[in-house]
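Notes to accompany the following structure.
The values are calculated or read from the model by the stated rules, or taken from the named source; none is laboratory data. The shown structure was predicted, so the numbers you read here are calculated from the model rather than taken from an experiment. Please note: Cβ atoms are built from the backbone with ideal geometry, for glycine as well, and neighbour counts cover all protein chains shown.
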């Protein structure tokens, strides 16, 4: 599996999640090799690949219904372990942030979150971060006020990528 497969899967997830709009809870996805999924569930082939043979290394995202990230996302992720059939994992979440030096003087924890949420300069961002068993990680992000721009990087949200990678151990 290549990093290109992870990037393509994350972009598909971002389009899917973005199609529903903003103000969504965290959403968790298992990433499985499409060829393995089609082999196990042949009736899905037309929906996943348009009736074509899947590209080698292509990953399909399977949303994990009932995921409740809650207030402590790190704790929620620490309780997850995936079977070997899962090649990677991705998480979509929305957060507020303050641009530039606007975050100077913020408190900590819940107080800081409330300060950011109530600040008129706040921006909202949706990130989709993924990690694979092969050690790849990547993230894509969209800022609500710039809907036509997609940010991406291998180190977009490194702490979240590391937490996701630990779920694959």
> Looking only at residues in segment 13-34 that are in a helix (DSSP H, G or I) and crowded, with 17+ Cβ neighbours inside 10 Å, which one is modelled with the lowest pLDDT?
Replying inline: 34
> Regarding residue 134, is this residue within 16 Å of residue 86 (Cβ to Cβ) and over 12 Å from the mean Cα position of the chain (by Cα)?
Replying inline: yes
> Which of the residues belonging to segment 80-121 are touching a strand residue (DSSP E or B) at 6+ places or on another chain (Cβ under 7 Å), part of a loop (DSSP other than H, G, I, E, B) and either over 21 Å from residue 70 (Cα atoms) or at pLDDT below 70 (or both)?
Replying inline: 85, 86, 87, 99
> In this structure, is residue 120 exposed (fewer than 14 other Cβ atoms within 10 Å of the Cβ), within 15 Å of the chain's Cα centre (by Cα) and more than 18 Å from residue 12 (Cβ to Cβ)?
Replying inline: no
>> I'd like the full set of residues that are without any contact (Cβ under 8 Å) to a residue 24 or more places away in the chain and either over 20 Å from residue 76 (Cα atoms) or assigned to a loop (DSSP other than H, G, I, E, B) (or both), limited to segment 155-168.
In response: 155
